[in-house]
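K.L.:
So that we are looking at the same thing, I have put the structure below in structure tokens.
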Amino acid sequence: MKEKTFQIDIEGKPLQVEIKDWAAQASGSCLVRYGETEVLATAVMAKDTIEGKDFFPLTVEYEERFYAAGKIFGSRFIRRESRPTDAAILTGRMIDRSIRPVFPEYFKKEVQVIITCLSWDAENDPDILGIIAASVALSISDIPWQGPIAGLRLSRVNGKWVFNPTYKQREEGDLDFVLTAIEKDPAPEQARYGASRKTLINMMELSAKEVSENEILEATKMAEPKLKELIEFQKKIQKEIGKEKIEVVVPFDAHFEKEIKEFLDQKLEKFFAKGEGLGLDEIRQELIIFVQGKYPGEKIESALAVFEKEAEKAMHKNIIANNKRPDNRKPEELREISCQVNVLPRTHGSGFFCRDLTKTLSILTLGTPHDQQLLEGMEFVGKKRFLHHYNFPPYSSGEIRPLRGPKRREIGHGCLVEKALLPLIPDFEKFPYTIRIVSEILSSNGSTSMASVSSASLALMDAGVPIKTHVAGISIGMVHNEDWSQYKLLTDIQGPEDHYGDMDFKIAGTKNGITAIQMDVKIDGIGQEIIKEALSRAKEARLKILKIMEKTIAGPRPNLAPLAPKIYTLQINPEKIGGVVGPRGSIINKIIAECGVTIDIEDSGLVYVSAKDEETGQKAIDWIKGITKEVEIGETYEGKVKRILEFGAFVEILPDQTGLVHISKFVPYRIKNVEEVVKIGDIIPVKVVSIDEQGRINLSAMEAGFKPKKK
């Protein structure tokens, strides 16, 4: 392959796409560079269609490489990358959600897309490059993909919009927004719904500090011209070097399709329009028996493909024509909601949220600063003190499967809830606790991640974490008819609407604004009109949910749970940290052992003492205060005699701070040796008379009124 480089400018920096023969045996590959961050994307298609699959077998993997950042990490016995970090999994999921809807219907050959970060400059995030690189690799390959798509990050820093911001700019901004888009020629009817410019948004990922719906709309409008520009850029690459796409063959003929439709017609009509007859699983099973009887040993996969298509059409038709959903709700209607708090006796906080058959239980644990998660990744090394974990056990969907570690979906949903709540979590300086929330999905029937936002918010208030207001989430779905002359948005989607619907638009926030968004589609994408309507519908539903939550618990409890650790803070002179720690940690370990506490010290001199009760915590605080107290000339102390020498005695006036009382400074008359007036262990009054340049303290017992005991 002839090497070729293409370039486009974004925010004054060149984005380069290099076509090389490095991955010569992949179906398509490319390198994408922005700044000094560079990724390699490869796309490979299997030679044969996998039989027996009723879904498209696509896998997307994002690979972090520590060498990209010039780091050597991992266990000291292995020193190599092992399982992907949560950050890598989330990036892989984001790329997957961007490209998956763009594959054609009935395409069932296995496809694997791998994005590897080869170089990272600590300024430019490789995730956007991964989206573009995956798009280019698929576009120039022979894989039947209907892209390209464009990916872009948008932040608002000091009121100004910034495209593909640096990490520092993202920290300073109030909004971090990733969008992907595809360009399509819309049908005339479709153009009525905001698709006139042919640029359709097909994926969103947002974290924000309570921004308004209008601000989100403004951001999408700002991004649209840039997304269009990136799509046109890729089209030129595809036109110049792209391979011819293989043909996708429909897995059944017209006669077979007609036969299956006739078998399904009344059954699906009864289920979706009237709520009568067999359920979808029973209809599916009857179809399999019918096909096996008529076409032994074949055509089951084809029949199921027709079944999925017809079930989707039947649900869409019923909602559009009758304004009636599978559970008889109206499009804008929420399911019945109920909430509880303090449902478990010994946890620090708990919240239960029920939306009909979707039920989530969130349990909060307060930990010490020592309990923070240590992160060691390509992009970030440091500590994390707010954690949300999401568990989806098999019983929640009435299934049986092995219990293993969290899957990609669980990690993704957990992170989405975490993003929704994070803007409300108090600063560490004000609330120095590590906060871990675990959301257990007890029963699943649509949008468990958004239900987890609500149950986690309830748990935060139940635990007494000082958040200013509740956070809630809702998912907005959509269905449209075949010619796009009509569509309807669906508030609070459930099972069939999630499976057969066109969109899953999750929006979380407070009464003041949006904190998180995650949007996926199964169609080409959506235009501005639908985005605007979905945001409005979500706000209406969110405010209703928040009112119900506020009736359950209106604000954080005034006191933390009795079983939560007590954390005391103390600011010391950073130069005194060594005195608290002691040689090889001897002093701090002694305090910890004798007081039964945990101690964390920041480089700034901020000390956190975590204890089970006030008495032990105060004992440790007093000890540290004694070690770090600045001794001043003229102060008087009750000191303990620690050592006796020929010329005087060393007296401990504060924990681990001693001074010398010279033999001449005990009494106003001459003594032959110190032991005439004191012995080791005696408590005597002493006064600080001087401190030399080396910090050595000279004391006088005589000036403090010391009188030796009579023998």
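K.L.:
Does residue 348 satisfy the condition of being modelled with pLDDT of 95 or more and either under 30 Å from residue 429 (Cα atoms) or in contact with a Gly (Cβ under 6 Å, 6 or more places away or on another chain) (or both)?
P.N.:
yes
K.L.:
While we're looking at this one, here's another question. What pairs come up if the first residue lies in the range 529-542 and is over 14 Å from residue 519 (Cα atoms), the second is of a type in the set (Ser, Thr, Tyr) and outside any helix (DSSP H, G or I), and their beta carbons are under 6 Å apart, counting only those six or more places apart or on different chains?
P.N.:
If the second residue must be of a type in the set (Ser, Thr, Tyr) and outside any helix (DSSP H, G or I), the pairs left are 537/491; 541/491.
K.L.:
Scan (1) surrounded by fewer than 19 Cβ atoms within 10 Å (Cβ to Cβ); (2) on the phi < 0 side of the Ramachandran plot; (3) not assigned by TED's automatic domain parsing to the domain that holds residue 580 for the single condition residue 619 breaks and write down its number.
P.N.:
For residue 619, the exception is condition (3).
K.L.:
Shifting gears a bit: Can you run down the residue pairs with Cβ atoms below 6 Å, 6 or more apart or on separate chains, where the first is in the range 390-407 and under 22 Å from residue 457 (Cβ atoms) and the partner is assigned to a loop (DSSP other than H, G, I, E, B) and at pLDDT 95 or above?
P.N.:
396/444
K.L.:
Out of all the residues in the range 287-340, which are buried (at least 18 other Cβ atoms within 10 Å of the Cβ) and touching a Ser or Thr at 6+ places or on another chain (Cβ under 6 Å)?
P.N.:
Correct list: 339 only.
K.L.:
Looking at (1) at pLDDT 95 or above; (2) over 27 Å from residue 204 (Cα atoms); (3) assigned to a strand (DSSP E or B), which one does residue 462 not meet, given that it meets all the others?
P.N.:
(3)
K.L.:
If I filter the range 567-589 down to residues being under 37 Å from the mean Cα position of the chain (by Cα), in a helix (DSSP H, G or I) and in contact (Cβ under 8 Å) with a residue 24 or more places away in the chain, which single residue comes out as farthest from residue 621 (Cα to Cα)?
P.N.:
For the range 567-589, the residue satisfying everything is 574.
K.L.:
Scan 601, 572, 653 and give me the residue that is buried (at least 19 other Cβ atoms within 10 Å of the Cβ), outside the structural domain of residue 464 (by TED's automatic domain parsing) and under 30 Å from residue 705 (Cβ atoms).
P.N.:
653
K.L.:
Go through the residues of the range 590-602 one by one and say whether even a single one is in contact (Cβ under 8 Å) with a residue 40 or more places away in the chain and either out of contact with any helix residue (DSSP H, G or I) (no Cβ under 7 Å at 6 or more places or on another chain) or more than 18 Å from residue 431 (Cα to Cα) (or both).
P.N.:
no
K.L.:
If you don't mind, there's one more thing I want to ask. Restricting attention to the range 534-559, which residues are surrounded by fewer than 20 Cβ atoms within 10 Å (Cβ to Cβ), of a type in the set (A, V, I, L, M, F, W, C) and under 19 Å from residue 341 (Cα atoms)?
P.N.:
Within the range 534-559, 546, 548, 554 meet the criteria.
Condition check ((1) of a type in the set (Ser, Thr, Tyr); (2) modelled with pLDDT under 85; (3) within 31 Å of the chain's Cα centre (by Cα)) across all residues:
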{"site": "212", "(1), (2), (3)": "yes, no, yes"}
{"site": "217", "(1), (2), (3)": "no, no, yes"}
{"site": "225", "(1), (2), (3)": "no, no, yes"}
{"site": "231", "(1), (2), (3)": "no, no, yes"}
{"site": "264", "(1), (2), (3)": "no, no, no"}
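K.L.:
Taking the criterion of being within 24 Å of residue 110 (Cβ to Cβ), free of Cβ contacts under 8 Å to residues at least 12 places away in the same chain and surrounded by fewer than 19 Cβ atoms within 10 Å (Cβ to Cβ), would at least one residue in the range 261-276 satisfy it?
P.N.:
For the range 261-276, residues within 24 Å of residue 110 (Cβ to Cβ), free of Cβ contacts under 8 Å to residues at least 12 places away in the same chain and surrounded by fewer than 19 Cβ atoms within 10 Å (Cβ to Cβ): absent.
K.L.:
Going by what's in this entry, would residue 532 be described as modelled with pLDDT under 95 and within 33 Å of the chain's Cα centre (by Cα)?
P.N.:
No.
K.L.:
Whether any residue in the range 433-452 is among the charged types (D, E, K, R), outside any helix (DSSP H, G or I) and at pLDDT below 95 is what I want to check.
P.N.:
The answer is no, given that none of the residues of the range 433-452 is among the charged types (D, E, K, R), outside any helix (DSSP H, G or I) and at pLDDT below 95.
K.L.:
Anything in the range 225-260 that is in contact (Cβ under 8 Å) with a residue 60 or more places away in the chain and closer than 29 Å to residue 515 by Cα? List them, or say none.
P.N.:
Hits for the range 225-260 are 226, 227, 228, 229, 230, 231.
K.L.:
Is it true that residue 293 is at pLDDT below 90 and not aliphatic (A, V, I, L, M)?
P.N.:
Judged against the criteria, residue 293 is a match.
K.L.:
Take the residues in the range 116-139 that are of a type in the set (A, V, I, L, M, F, W, C) and in contact with a Ser or Thr (Cβ under 8 Å, 6 or more places away or on another chain); name whichever of them is farthest from residue 32 (Cα to Cα).
P.N.:
Among those that are of a type in the set (A, V, I, L, M, F, W, C) and in contact with a Ser or Thr (Cβ under 8 Å, 6 or more places away or on another chain), it is 120.
K.L.:
Enumerate the strands (runs of 3 or more DSSP E) found wholly within the range 93-182, keeping only those where 3 or more residues are buried (at least 22 other Cβ atoms within 10 Å of the Cβ).
P.N.:
Correct list: 109-119, 149-157.
K.L.:
Can you report the number of residues in the range 446-466 which are more than 16 Å from residue 339 (Cβ to Cβ) and in contact with a helix residue (DSSP H, G or I) (Cβ under 6 Å, 6 or more places away or on another chain)?
P.N.:
2
K.L.:
Would a scan of the range 421-440 turn up a residue that is surrounded by 17 or more Cβ atoms within 10 Å (Cβ to Cβ) and among the acidic types (Asp, Glu)?
P.N.:
Yes, that holds for at least one residue.
K.L.:
Being surrounded by 16 or more Cβ atoms within 10 Å (Cβ to Cβ) and not in a helix (DSSP H, G or I): is that true of residue 684 here?
P.N.:
Here the answer is yes, as residue 684 does meet what is asked.
K.L.:
Now a separate question. Do we have residue 639 as under 27 Å from residue 466 (Cα atoms), in contact with a Pro (Cβ under 9 Å, 6 or more places away or on another chain) and at pLDDT 90 or above here?
P.N.:
Taking the combined requirement at face value, the residue does not satisfy it.
K.L.:
Evaluate the following for residue 283: is it at pLDDT 85 or above, among the hydrophobic types (A, V, I, L, M, F, W, C), in a helix (DSSP H, G or I) and more than 26 Å from residue 4 (Cα to Cα)?
P.N.:
yes
K.L.:
Go over the candidates 530, 507 one by one and state the one that is on the phi < 0 side of the Ramachandran plot, aliphatic (A, V, I, L, M), surrounded by 24 or more Cβ atoms within 10 Å (Cβ to Cβ) and assigned to a helix (DSSP H, G or I).
P.N.:
Only one candidate passes the filter, namely 530.
K.L.:
Name the one entry in 187, 273 that is touching a helix residue (DSSP H, G or I) at 6+ places or on another chain (Cβ under 6 Å) and at pLDDT below 85.
P.N.:
The match here is 273.
K.L.:
Check every one of the strands (runs of 3 or more DSSP E) wholly within the range 594-658 and list those with 1 or more residues that are among the small types (Gly, Ala, Ser) and more than 35 Å from the chain's Cα centre (by Cα).
P.N.:
Output list reads 636-645, 648-654.
K.L.:
Let me ask you something else. Of the residues that sit in the range 482-499 and are touching a strand residue (DSSP E or B) at 6+ places or on another chain (Cβ under 8 Å) and under 23 Å from residue 306 (Cβ atoms), which one is surrounded by the most Cβ atoms within 10 Å (Cβ to Cβ)?
P.N.:
Among residues in the range 482-499 that are touching a strand residue (DSSP E or B) at 6+ places or on another chain (Cβ under 8 Å) and under 23 Å from residue 306 (Cβ atoms), the one surrounded by the most Cβ atoms within 10 Å (Cβ to Cβ) is 497.
The values are calculated or read from the model by the stated rules, or taken from the named source; none is laboratory data. Values in this document were obtained by computation on a predicted structure and should not be read as measured data. As a convention, Cβ positions derive from the backbone with ideal geometry for all residues, glycine included, and neighbour counts pool all protein chains shown.
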